[in-house]
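The values are calculated or read from the model by the stated rules, or taken from the named source; none is laboratory data. None of these values were measured; they are calculated from a predicted model. Cβ: placed from backbone, ideal geometry, glycine included. Neighbour counts: every protein chain shown. We work out accessible area using only protein heavy atoms, side chains counted, and drop any ligands, DNA or RNA first. Shrake-Rupley method; radii C 1.70, N 1.55, O 1.52, S 1.80 Å.
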Amino acid sequence: MSHILSNKASIVIVVAAVVVVVLPLFLSVVKHKEFSFSRSQQSSVATEKFGEKIQKNPPESKLTELGVRTWPKWGGGPSKFPWEFTATETMFLLDGKVKVYVDGYDESFEIGAGDLVVFPKGMKVTWDVTKAVNKHYSLEK
């Protein structure tokens, strides 16, 4: 009889050890996956600061829906220049990095490779291209 109790006690100890060790590992993996999912969802949400709209790393389905790959391309090396958007312009940056200063504001924002950006008609900015840019663009008709 004591032999049976000893086996049951051993089983209980093993099960308890598994729960204590495995459960936290499982929960940390699940929590990490939820965090990763939330981060990827957040990255495709458009943000707006000065009137422009920026969507970081939009899904390929969004780019296909817009026909981005059929738009004309523009590219330029590091430089700094003023620009006024005479039409609403949507662009998808393939490469590069630009610091954008909006007229009338002291702050700036950065856009770069993988960003889908919409600048409204009439917006005046200074582009500070810090890394050569290659982009697709579309002008509102």
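Restricted to region 26-69, and to residues there that are of a type in the set (Ser, Thr, Tyr) and open to solvent by 70 Å² or more (accessible area, probe 1.4 Å), the residue that is modelled with the lowest pLDDT is Thr47.
Taking every residue in region 114-134 that is in contact (Cβ under 8 Å) with a residue 12 or more places away in the chain and pairing it with any residue that is outside any strand (DSSP E or B) and open to solvent by 50 Å² or more (accessible area, probe 1.4 Å), at least 6 positions away or on another chain, the pairs with Cβ-Cβ distances below 6 Å are Gly114/Asn57; Lys124/Asp103; Val129/Pro78. How many residues are in contact with a Lys or Arg (Cβ under 6 Å, 6 or more places away or on another chain), more than 18 Å from Trp71 (Cα to Cα) and open to solvent by less than 50 Å² (accessible area, probe 1.4 Å) if we restrict to region 113-131? The total comes to 1.
Looking at the structure I just gave you, is Phe85 modelled with pLDDT under 95, in contact with a Gly (Cβ under 9 Å, 6 or more places away or on another chain) and under 20 Å from Leu116 (Cβ atoms)? The answer is no for Phe85.
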